[in-house]
Structure formats: structure tokens, C-alpha cells
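All of the numbers you see were taken from the coordinates with simple rules; none came from a lab. Bear in mind that the values here come from a model prediction, so they are computed numbers and not experimental data. Here the Cβ is made from the backbone with ideal geometry for all residues, glycine too, and neighbour counts use every protein chain on show.
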Amino acid sequence: MKALKSISLSLLTLGAVYTASAQTFAQRIKNTTLVFGLSEHIVIDNGKEYQFKFDTKNWQLTPFPSMISAEAYLKKGWSLQTAFAYTGYKANKVVDNKLQLKDNTFFSADFNIRYHFETLFLHPSFFDPFLTTGYGFTYRSAVVNKSTGTTNLGLGMNFWIYKGFGLSLQSVGKFALKGGAKSNYLHHSIGVVYKLKPLSGKPALKP
């Protein structure tokens with residue numbers, strides 16, 4: 001009986017802790033500002049991305065929207081962001097220093113942390129520059145190492161135009177974990193974003 005009481009007390013304690021944690025988590029969710037986006041993206045994957053040549057003939061892109069994203073603002077300028085992108089690699093374009101003779105497929109999934117410099121401004125601004133870094137997964141049927149993880153580093157900016165709607169620009173360098181330097185690539189995007197107010201009904205927190 002004593003053992004049963006101990007087990008019951010332990011379960012009640014765990015339940016109380018879980019409930020308190022759940023309430024705290026739920027409250028955080030209610031106070032979280034979420035941003036969703038639809039974008040057009042460009043992949044520069046010719047094996048010479050970092051020579052900074054404006055080589056548009058080897059850009060890979062698919063008509064809008066080819067990228068979706070979601071972001072949750074935390075506090076003091078920090079946020080978590082995830083994005084999924086798809087495009088087709090067209091034949092007769094260079095990928096990893098090789099001319100492609102047929103169409104191929106590109107897909108990426110990224111999970112990043114961002115720091116928004118808007119929090120450093122004295123007053124809310126329509127201009128919201130940020131740094132982004134994180135990890136991702138990339139699938140490219142055109143290369144030898146078709147699937148690879150990536151380390152991401154980039155910058156971007158949001159322009160908040162009207163009642164939560166904005167324009168987002170971003171450039172990210174993705175460093176492949178397999179395939180060497182020629183498998184690194186640049187990933188640019190431009191799109192429309194919408195900022196939701198927190199479920200609590202309070203004014204949206206600054207990023």
C-alpha cells in the first residue's frame with residue numbers, strides 16, 4: 001500500500017509538473033508571432049558559385065510559388081524558421097561543373113535560427129534586416145552525392161508594407177557536408193510574407 005501511495009504521489013507530481021509546463025508552453029504559443037511565406041527561389045549550383053559572376057544562364061528556377069516557409073518569433077530579435085523548396089534542374093545547364101544532358105530534380109528542407117536587427121531600432125520600422133544560420137537537407141538528382149546535409153549562412157530583409165503583409169528577400173550560402181566545395185551552392189529567394197498576430201490578441205511582438 002505504501003508503495004502504491006508513493007507511485008500515486010509520483011504520478012500526481014509528474015502530472016502537476018506536466019500541466020504547469022503545458023500551460024507555460026501553451027501561453028508561449030499564444031504569445032508567439034508567426035510569419036508564413038510563399039516565395040520564388042533561384043539556385044546557383046554550377047560549381048563556381050563563389051566566383052561571384054553574374055551567370056544567369058545557369059540559374060535554376062521554377063515559377064512562383066516554389067518555396068514555402070514558416071517562422072516563429074521568440075524574443076529579443078531571435079526567431080526559428082523552416083523552409084521547403086522545390087525546383088527542376090533544366091538540361092543544358094551546368095551543375096557541379098558538369099553540363100547536364102537531361103532535366104533533374106532539386107528539393108531542400110532547412111531549419112534555421114534568425115536574428116532580426118529591427119529590435120535595435122528605437123521605433124518599429126517597415127525595414128527588418130536579419131542574419132540567418134542553420135542546417136538543412138538537399139536532394140539533387142543531377143549530382144553524384146544526391147542527398148546531403150548542409151550548413152547554412154546568409155542574410156536577408158523584410159519590408160513590412162501593409163497590415164502584416166510584406167516582401168522578403170534572402171540570400172543563403174549552403175555548404176554541403178558531402179561532395180566537396182563544388183557541391184556548395186547559393187540559394188536566393190524573393191517572396192510575399194504575412195505576419196499573424198499572437199492568439200492571445202495582444203499586439204504582435206517585435207521580432
Taking 0.36 nm per intervening residue step and subtracting the Cα-Cα distance, what contour gain separates L131 from Y115 on full extension?
5.2 nm
Too long at a 20 Å Cα-Cα cut-off: which of K75/K174; K76/K163; K57/K182; K57/K178?
K75/K174; K76/K163; K57/K178
What's the FRET efficiency of L101 with K57 using the Cβ-Cβ distance as r and R₀ = 25 Å, to the nearest 0.05?
0.95
What length, rounded to one decimal in nm, is gained on full extension from L167 through to A72, with 0.36 nm per residue of separation minus their alpha-carbon distance?
32.5 nm
With no solvent and one point on each alpha carbon, what is the Debye value of log10 I(q)/I(0) for segment 33-196 at q = 0.14 Å⁻¹?
-0.70
